[in-house]
Structures are given as C-alpha cells and as structure tokens.
Amino acid sequence: MVGVMSFPRTTIGKKVIMAVTGLIWIGFVAGHMFGNLKMYLGAEHFNAYAEGLRTFGEPFLAYGQALWLVRIIIILAVVLHIWAAVTLKMRNLQARPVRYSKHRKLHADAASLSMIYGGVAILLFVLYHLAHFTWGLSAVHPDFRPTDPYHNVIVGFQNRLATGIYLIGLVALALHLYHGTWSMFQTVGLNNKSYDKLLRGLAWLVAIIIPLGFVTVPLGVILGILS
Ligand code: HEM
C-alpha cells in the first residue's frame, strides 16, 4: 500500500501530477485566450479588463491579490509539471540501460522527447512573453506603457521578429496541448478503445481552438484589423 507522502514518487503519482498541473495550465491559457479576444472590443475595454484582473475581489481582497493568487498557482503548477516530467524521464532511462529495438517503443521515445523539447520551447517563449508584455524590458519592447496593455500589444506585433516568435511559440503550444491532453486522458483511465476516436478528437479540439484564438490577435494587427 502506497502512503500519501510517497504517492508523488510513484510512476502513476507523477503522471497524475502532470495531468492535474497540465489541466491547471490548460484552464489558464484558455482563460487568457478568451481575455485576449477583448482586444477586438477596443483599447478602453481591453485596458479595463486588464485593470479588472488587478481589482478583482475588492474590497475583500487588496489590489492585485487575486492576480497574485493565480500567479502563485500557475508557478507552482509549472514547477511541479517540470519536476514530474524530468523525474519520469530519468526513471525511464535508468530502468532501461539497453535501448529498446521495437518500433513502438521508439515511437513512444520520440513522442516523449518531442514533449520535452516542446516544453522547453514553451518555457522559453513564456519568459520572452513576460519580458515583452508584463515586465516591458526596453530591449524586448520598444515602447512599453505599464498602464496601457492595448498599446503594448499593438506596438509589440508591429515588429515582424516578435510576431514570428509568437507564431513559433503557438505551434509548440498546439503540439504540446495535443499530446498532453491525450496523455492526460490515458492517465485518468479513459483509454478504452471504444472512446479512442472521441478522445483524440477532443485532444485535437483543445490543441487547435486555444492557439487559434491566440493567433487571431497578432494576425489582426498584421492585417490592420486591430490598430
Ligand atoms: C498572441 C498570443 C498572446 C498575447 C497577445 C498575450 C498577451 C498578454 C498580455 C498583454 C499580457 C499582460 C497582461 C497584463 O499585464 O495585464 C500577458 C501576460 C501573460 N501571458 Fe500572454 N499572451 C499571449 C499568449 C500567451 C501564451 C501562449 C501563454 C502561455 C503559454 C501566455 C502566458 C502569459 C502569462 C503567464 C502572463 C503573465 C500574467 C501575469 O502574471 O500578470 N500568454 N499576455
């Protein structure tokens, strides 16, 4: 019998941690994507929404407290997600000093490696994105205004290199979301053959709708719909 404290050290425990923390991030990116669509309502609406994220819960909560709560949750989730991914991979390598020759196993290895590379790409993208739109580092954003995120986004995407980095980041996100959602279904035991098609379809839906929603904003700026 596995105790509560040792559960995270078991293979299934790590997979559950990956699934739960992955789901937290899916919730965050889905909410963030819907929020970004407010760009189409104009500067006043979008900036009021960004300010609303900080005043949320007042007067019970102080300014920015709700936002910080969300930040703490997503930071903890990403740290645990990476920890579980790295320790699972190390366990797999240790358990298998001689590499499998079977095609199926090689396929699984390639999938897990591409998840690791994709995860690193997303992490680097998020760091760039924070420097671009949250911290407003002058080396990354030419004209950052702390209280005008609408302006920051419009000016930000007028730079083709920045837009290219977002497009690459969103492709990496789509692939990671597809494989991650599918793995999550397997972990929670939804790997019944008769649901296979439905679950693959659901994984595709998550992997396409979220990045597609995000990409409408840089595309809107490039096409001059947002200005
Ligand atoms: C075209 C795509 C995106 C746009 C236009 C965009 C826009 C923004 C903006 C304007 C902010 C600052 C908001 C504020 O300070 O009020 C922000 C923050 C943030 N974004 Fe994005 N975002 C995009 C994609 C993503 C993706 C794909 C992720 C995650 C994988 C992400 C994660 C974050 C995080 C973690 C923050 C910091 C939130 C905070 O702590 O205040 N964003 N984004």
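Only one residue of 122, 107, 183 has its Cα farthest out toward the positive end of the dipole of the range 92-224, where Lys and Arg carry +1 and Asp and Glu -1 on Cβ, and that residue is 107. Per residue, the convex hull spanned by the alpha carbons of the chain comes to 174 Å³.
So which helices of the chain fit the span-like rule, where a helix is a whole DSSP H run, its Cα atoms reach 15 Å or more along the axis, and its mean Kyte-Doolittle is at least 0.0?
11-36, 65-94, 103-129, 160-187, 196-222
Over all pairs of different C-alpha atoms in the range 28-102, the reciprocal of the mean inverse distance, the Kirkwood hydrodynamic radius, equals 15.8 Å.
For the pair residue 28 and residue 222, a Förster radius of 22 Å applied to the C-beta separation gives a FRET efficiency near 0.30, rounded to the nearest 0.05. Rounded to the nearest 20 debye, the dipole magnitude of the chain is 1360 debye, with +1 charges on Lys and Arg beta carbons, -1 on Asp and Glu beta carbons, and the Cα centre as origin.
Subtract the Cα-Cα distance of residue 200 and residue 186 from 0.36 nm times their separation in residues, and report this length gain in nm to one decimal. Intermediate results must be reported in sequence, preceding the final value.
Details: separation 14, 0.36 × 14 = 5.04 nm, distance 1.08 nm.
Value of the extension gain: 4.0 nm.
A helix-only calculation puts the chain at -24500 deg cm²/dmol for mean residue ellipticity at 222 nm, using -39500 (n - 2.57) for each DSSP H run of at least four residues, averaged over all residues. For the range 124-218, a Kirkwood hydrodynamic radius built from all Cα pairs, placed in the Stokes-Einstein relation at 10 °C and 1.306 mPa s, yields a translational diffusion coefficient of 105 µm²/s. Counting every pair of alpha carbons in the range 108-180, the share spaced more than 20 Å apart comes to 37 percent.
Using only the Cα atoms, work out Rg/Rh for the range 5-53, with Rh taken as the Kirkwood radius, to two decimals. Radius of gyration over Kirkwood radius for the range 5-53 works out to 1.33.
Ignoring any ligand, DNA or RNA, what whole percent of the accessible area of the chain comes from carbon and sulfur when the probe is 1.4 angstrom?
On the way: 10320 of 14350 Å².
The computed percentage sits at 72.
Residue 7 sits among other residues whose Cβ lies under 14 Å from its own Cβ, and their net charge, with Lys and Arg +1 and Asp and Glu -1, is +3. The range 161-215 and the range 19-52 have Cα centres lying 18 Å from one another.
Might you tell me the accessible area per residue for the range 163-221, computed with a 1.4 Å probe and given in Å²?
On the way: 3100 Å² over 59 residues.
Result: 53 Å² of accessible area for each residue.
With a Förster radius of 22 Å, plug the Cβ-Cβ distance of residue 109 and residue 10 into 1/(1 + (r/R0)^6) and report the FRET value to the nearest 0.05.
Numbers: r = 21 Å, r/R0 = 0.97.
Here the calculated transfer efficiency is 0.55.
The values are calculated or read from the model by the stated rules, or taken from the named source; none is laboratory data. Quick caveat, the model's predicted, so the values are computed rather than measured. We place every Cβ from the backbone using ideal geometry, glycine too, and count neighbours over all the protein chains shown. The area values use the complete protein model at the heavy-atom level, side chains included, leaving out ligands, DNA and RNA. Shrake-Rupley method; radii C 1.70, N 1.55, O 1.52, S 1.80 Å.
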